[in-house]
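The values are calculated or read from the model by the stated rules, or taken from the named source; none is laboratory data. The model shown is predicted, which means the values in this text are computed figures rather than measured ones. Every residue, glycine as well, gets a Cβ built from its backbone with ideal geometry; the counts of neighbours run over all protein chains shown.
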Amino acid sequence: MPAAPREPRKDGAVTRTRILESAGELFAALGYAETSNKAVAAKAEVDLASINYHFGSRNGLYLAVLDEARQRFLDISDLQRITQGTQPAAEKLRVLVELVVRKASQAQDNWHLRVLAAEILAPSPHGQAHLQAAAPLKLALLKGLFSEITAIPVEAPALTRCILCVTAPWAMLLIGPRGGSGALHEILQMPGDAVAAQLYSFALAGLQEVGRQYAQAGFN
C-alpha cells in the first residue's frame, strides 16, 4: 500500500524563512565550510529535521541562500525586464545602473551581498556552478544592450571588453568591504542618486567612445 502523502507543516513558510535568514547570516559571517546545520538550527531555533524537510541538505540550504542573495542584488528577471524594454538603450543603461546602486546601498546592513562576496572570493564546492548557471543569459542580455548603444556586433571581442569596463564598478559594490573605512565605504555613504549618475555618465560615455573608435577603425 503506498504511503500517504506527507502533509505540509502549518508553519512551513515562517519556519523556512527563519531558517533561510539564520543560515544567510551564518554563511556570510563564517563561510560555507565553517557553517554547520547544527549551528543554523540553533540560531533559527528549530530542529535539524526542519532543515532537511525544507532544504534537503546543507548544500541545498546553501544554494537556497545564494538564490535569495542573488535575487536581492541583481536577478536575471531584473536584467530581462530592463534590457528587453521599449525605452531607448541609453535609458535602459541608466535604469540598470540606478538599480544596481540602489540594491547595493540597501544591502549594506544585511547578509545578502556578504554571502555573494564570500562565494566569489572563496568558492564553495557547488556554489560557483550554481551561480554561473545563469551567466550565459546575463552576458547575452548585457551584450545586447551594449550593442544597441555602441553599434558593435554582439560577437565582437570589443563588445566583450565593454562588459568588463562597465560592470567592474558594480562588482566592487558587491565584493568590496562592507564596513570600516576606505573609498568604497565612503562611496556607499553618499547619496545613491549621485553615485548612480556618475557611474552612468562614465559608462555611457565609455561605450559611445568605444563605438566611435570601432566604427572608425573596425578593431576587434
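Of all residues being crowded, with 20+ Cβ neighbours inside 10 Å and among the hydroxyl-bearing types (Ser, Thr, Tyr) in segment 61-107, which is nearest to Lys38 (Cα to Cα)? Just the residue, please.
Looking at residues that are crowded, with 20+ Cβ neighbours inside 10 Å and among the hydroxyl-bearing types (Ser, Thr, Tyr), I get Tyr62.
Can you tell me which of Ser181, Ser201, Ser124 is farther than 27 Å from Gln87 by Cβ, out of contact with any Gly (no Cβ under 7 Å at 6 or more places or on another chain) and modelled with pLDDT of 85 or more? Don't jump to the end; show me each part of the working.
Values: Ser181 fails: modelled with pLDDT of 85 or more; Ser201 fails: farther than 27 Å from Gln87 by Cβ.
Of Ser181, Ser201, Ser124, the one residue that is farther than 27 Å from Gln87 by Cβ, out of contact with any Gly (no Cβ under 7 Å at 6 or more places or on another chain) and modelled with pLDDT of 85 or more is Ser124.
Which number in (1) farther than 25 Å from Ser77 by Cβ; (2) touching a helix residue (DSSP H, G or I) at 6+ places or on another chain (Cβ under 9 Å) marks the one condition that Ala183 misses?
The single condition Ala183 does not satisfy is (2).
Output the qualifying pairs, or none if there are none: Cβ atoms under 6 angstrom, residues six or more apart or on different chains, first residue in segment 67-80 and touching a residue at least 60 places away in the same chain (Cβ under 8 Å), second residue of a type outside the set (A, V, I, L, M, F, W, C) and crowded, with 18+ Cβ neighbours inside 10 Å.
Phe73/Lys103; Leu79/Lys138
If I ask for residues that are assigned to a loop (DSSP other than H, G, I, E, B), in contact with a helix residue (DSSP H, G or I) (Cβ under 6 Å, 6 or more places away or on another chain) and at pLDDT below 95, which ones from segment 130-153 would you list?
Kept after step one, since they are assigned to a loop (DSSP other than H, G, I, E, B), are these residues of segment 130-153: 133-134, 151-153.
Still in the list and also in contact with a helix residue (DSSP H, G or I) (Cβ under 6 Å, 6 or more places away or on another chain): 134, 151-152.
Passing the criteria: only Ala134.
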